[in-house]
Amino acid sequence: MMKIYDVLILGAGASGLMCASHLDKRLSVAMVDGNGKIAQKLKISGGGKCNITNAQLSQENFDGDRDFIFHVFESFSRDDLLEYLRKNGVVPELRKKRYYFCKDSSDEIIQIFKKAIKDVTFYLNSTILWIKKEGEFFVIQTQKESLRAKKVVVATGGKSYKELGASEIALEIAKSFGIKVKEFAPALVGLTVQKEQFWMRELSGLSCPVTVKIGAKTIKEELLFTHKGISGPAILSTSLYWQRGNISIDFLPDANILELIKGSKKLLSSLIPLPKRLAKALLEALEVEDTECKKISSTAKEKLAKIHTYEFAPAGNFGFSKAEVSRGGVLSEELNPYTMEALDVKNLYFIGEAVDVTGELGGYNFQWAFSSGYVCAKGISRS
């Protein structure tokens with residue numbers, strides 16, 4: 001007779017592993033993943049050191065329902081995560097007073113999970129084909145076998161990182177049960193530029209600190225020019241909120257252009273805080289002649305002021321192949337924030353990137369994965 005698991009977790013990434021680690025040990029648990037090993041995205045993230053969370057964690061750092069996010073983080077906060085890691089012998093390293101990374105490698109966290117899930121049954125290299133409900137049980141069909149479970153947790157992530165088996169299966173599962181979703185779109189991804197900004201592509205490899213404004217959102221970080229457009233931490237976070245329309249970049253966030261262009265020096269040599277190549281390119285883009293500062297006209301000064309507010313509309317983004325995460329997923333209004341269970345489908349849960357909650361760059365998405373996985377596990381264990 002086919003075994004029926006108490007809980008079947010689809011996806012052995014950050015959220016799925018966190019969920020499995022905190023389930024009541026009396027439950028029979030299995031995990032299904034398309035990869036041959038667990039935690040593949042977690043392992044390679046952050047240059048192999050995994051940006052776990054952020055010192056400045058707030059629901060304001062996410063694209064998604066603020067109240068829903070608040071309730072999840074209230075149940076398992078950044079401090080709760082750090083304490084959980086500390087109790088298991090991992091003390092993350094704080095960088096730039098903001099970003100928490102594993103000190104040596106992401107294997108530190110992966111080892112915590114491996115110890116916690118010794119009794120979990122794994123079905124690896126297994127592609128999920130479909131799920132249906134038969135009576136009180138779920139039937140999960142992979143390309144290898146049929147599995148049965150009382151409860152199913154969908155932790156299959158989004159559509160980015162196709163080489164690690166990413167797919168839209170979370171959305172397909174939700175739709176098959178009549179649950180509303182938002183289609184996946186690339187997020188935390190570089191932006192391509194229009195013809196008028198092709199000068200940016202000529203600066204490929206150059207980076208500088210900037211402040212980007214998009215709507216009411218302000219992001220201060222590094223920008224990287226690439227052969228396709230613009231990227232770097234500032235732009236990756238900007239891409240989370242941009243779909244179409246203008247963004248505004250301040251290329252001199254820590255200086256005042258009008259204070260710099262005084263005296264008899266030439267304009268180009270006065271823009272010292274800017275890399276010389278960027279300063280030259282900006283002058284050309286703004287159609288300002290490199291003359292002595294004392295000879296600069298009021299019209300030229302007005303143009304130069306745009307260095308603080310260089311506004312333009314990106315052409316698009318680099319696509320899923322370059323995206324760190326996917327925006328979209330199961331709508332939070334379809335889920336219980338205290339358990340992550342679908343409101344209209346008993347015993348079906350969605351966590352991590354499968355949910356329509358996406359964070360900025362800087363550890364926010366791993367925090368969401370860990371918090372939603374924890375909340376789900378506690379919800380299941382109480383039921």
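The values are calculated or read from the model by the stated rules, or taken from the named source; none is laboratory data. Computed from a predicted structure; not experimentally measured. When we count neighbours, we look across all protein chains shown, and the Cβ atoms used for this are built from the backbone with ideal geometry, even at glycine. Surface areas here come from the heavy atoms of the whole protein model, side chains and all, with no ligands, DNA or RNA. Shrake-Rupley method; radii C 1.70, N 1.55, O 1.52, S 1.80 Å.
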Worksheet, complete the sentence: Quick calc, the stretch 29-110, dipole around Cα centre from Cβ unit charges on Lys, Arg (+) and Asp, Glu (-), nearest 20 debye, gives 460
Worksheet item: Expressed as an acute angle from 0 to 90° and rounded to the nearest 10, what is the orientation of the C-alpha long axis of helix 78-87 relative to the principal long axis of the chain?
Response: 60
Worksheet item: Are there trypsin sites (Lys or Arg not before Pro) in the stretch 302-383 that DSSP marks as loop and that have at most 13 other Cβ atoms within 10 Å, and which are they?
Response: Lys346
Worksheet entry | Accessible area of the stretch 254-321 belonging to carbon and sulfur atoms, whole % at 1.4 Å probe | 48
Discussion item. If you count only protein heavy atoms with a 1.4 Å probe, what accessible area per residue comes out for the chain, rounded to a whole Å²?
Written reply: 45
Worksheet item: Taking +1 at the Cβ of each Lys and Arg and -1 at the Cβ of each Asp and Glu, which of Leu191, Thr142, Leu164 sits farthest along the dipole of the stretch 116-200 towards its positive end, judged by Cα position relative to the Cα centre?
Response: Thr142
Item to complete: Please determine, in degrees from 0 to 90 and to the nearest 10, the orientation of helix 107-116 with respect to the longest principal axis defined by the Cα atoms of the chain, where the helix direction is its Cα long axis.
Response: 20
Worksheet item: How much FRET efficiency would the formula 1/(1 + (r/R0)^6) give for Lys118 and Ser146, where r is the Cβ-Cβ distance and R0 is 30 Å, rounded to 0.05?
Response: 0.75
Item to complete: Work out, step by step, the length gained on full extension between Asp80 and Lys276: first 0.36 nm times the residue separation, then minus their alpha carbon distance; give nm to one decimal.
Response: 66.0 nm
Worksheet item: With each run of n ≥ 4 DSSP H residues scored as -39500 (n - 2.57), what mean residue ellipticity at 222 nm is computed for the chain after dividing by its residue count and rounding to the nearest 500 deg cm²/dmol?
Response: -7500 deg cm²/dmol
Worksheet item: Size of the dipole of the chain about the Cα centre, Lys and Arg at +1 and Asp and Glu at -1 on the beta carbon, nothing else charged, in debye to 20?
Response: 700
Worksheet entry | Over 26 Å (Cα to Cα) - which of Lys43/Lys162; Lys49/Lys96; Lys25/Lys180; Lys162/Lys220 fall in this group | Lys25/Lys180; Lys162/Lys220
Discussion item. If I fit a long axis through the Cα atoms of helix 364-382 and take the longest principal axis of the Cα atoms of the chain, what angle between them do I get, 0 to 90°, rounded to 10?
Written reply: 20
Worksheet item: When the chain is fully extended, how far beyond the present Cα-Cα distance does Glu134 get from Arg244, taking 0.36 nm per residue of separation?
Response: 35.2 nm
Practice prompt. Could you give the C-alpha radius of gyration of the stretch 201-263 expressed as a fraction of 2.2 N^0.38 Å, taking N as the number of residues it contains?
Written response: 1.20
Worksheet item: So for the pair Glu93, Ala216, with labels modelled 7 Å out along Cα→Cβ, what separation do we get in nm?
Response: 3.8
Worksheet entry | Carbon/sulfur fraction of accessible area - the stretch 1-124, other protein chains in place, 1.4 Å, % | 49
Item to complete: Would you mind computing the Rg to Rh ratio of the chain from its alpha-carbon coordinates, Kirkwood style for Rh?
Response: 1.07
Worksheet entry | Cβ-based charge dipole, the stretch 218-314, positive-most Cα from Ile257, Val288, Ser231 | Val288
Practice prompt. Would you kindly give the portion of the calculated P(r) for the stretch 184-307 that falls above 21 Å, as a percent of all Cα pairs?
Written response: 40
Worksheet entry | Cα centre as origin, Lys/Arg/Asp/Glu Cβ charges: the stretch 196-293 dipole, Debye | 260
